[in-house]
Amino acid sequence: VQLQASGGGLVQAGGSLKLSCAASGSDFSSWIMGWYRQAPGKERELVAIKNNEGNTEYSDSVKGRFTISRDNAKNTVYLQMNSLKPEDTAVYYCHARISILAYWGQGTQVTVSS
């Protein structure tokens with residue numbers, strides 16, 4: 001399993017970005033997909049998860065601003081980020097949970113300027 005994240009960049013506060021994570025492997029629709037982030041000097045934290053039944057979970061800090069979605073035909077999960085804040089600055093990682101196994105993508109940097 002390989003996860004390739006993309007879409008990060010520099011954006012002003014209040015702006016938007018859309019992250020993508022393309023996955024290789026079979027039976028993608030059964031995977032639990034998520035996005036995590038890690039800011040400098042902080043621990044990695046959950047941003048959003050979408051399971052194989054379409055249920056979603058968001059951290060309180062991004063609720064109402066971020067939306068996770070997936071396209072099973074393209075083996076891709078997305079993270080639409082709106083109303084970005086400087087505190088959203090972090091490296092964002094794609095994550096896949098397949099049964100008892102977990103996989104991480106390489107991370108994509110998101111920087112929000114004030």
Discussion item. Only Cα pairs within less than 10 Å get springs; with that Gaussian network setup on the chain, which residue of Y103, Y78, Y36 has the largest fluctuation?
Written reply: Y103
Practice prompt. Tally the DSSP beta bridges in the chain and give the antiparallel ones as a percent, rounded to 5.
Written response: 90 percent
Worksheet entry | Centroid-to-centroid separation of the stretch 78-114 and the stretch 12-43 [C-alpha atoms, Å] | 4 Å
Discussion item. Over the chain, how many pairs of lysines fall under 22 Å by alpha carbon, counting only those 8 or more apart in sequence or from different chains?
Written reply: 9
Worksheet item: How many nm is it between the label spots at L10 and I32, if each spot is 7 Å from the Cα in line with the beta carbon?
Response: 3.8 nm
Response to the item:
With every protein chain kept in place and a 1.4 Å probe, the stretch 20-108 has an accessible area per residue in Å² of 51 Å²
Practice prompt. Summarise the accessible area of the chain (1.4 Å probe, protein heavy atoms) by the percent that is carbon and sulfur.
Written response: 46 percent
Item to complete: Quote the charge dipole size of the chain about the Cα centre in Debye, to the nearest 20; the model charges only the Cβ of Lys and Arg (+1) and of Asp and Glu (-1).
Response: 160 debye
Discussion item. Which of S20, S59, S69 ends up with the largest GNM mean-square fluctuation for the chain, with Cα atoms connected below 10 Å?
Written reply: S59
Item to complete: Using a Gaussian network model of the chain whose springs link C-alpha atoms within less than 10 Å, name the residue from I100, I49, I68 with the highest mean-square fluctuation.
Response: I100
Worksheet item: Exactly which trypsin sites (Lys or Arg not before Pro) in the stretch 36-114 are in a DSSP loop and have at most 14 other Cβ atoms within 10 Å?
Response: K42, K63
Practice prompt. Within the stretch 93-114, find all residues whose amide N lies under 20 Å from a label point positioned 7 Å from the Cα of V1 along Cα-to-beta-carbon.
Written response: 93-108
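The values are calculated or read from the model by the stated rules, or taken from the named source; none is laboratory data. Computed from a predicted model, the values in this text were never measured in an experiment. Because the Cβ atoms are built from the backbone with ideal geometry, glycine has one as well, and the counts that use them run over all protein chains shown. Each accessible area value is taken on the protein alone, full model and side chains, heavy atoms only, with ligands, DNA and RNA left out. Shrake-Rupley method; radii C 1.70, N 1.55, O 1.52, S 1.80 Å.
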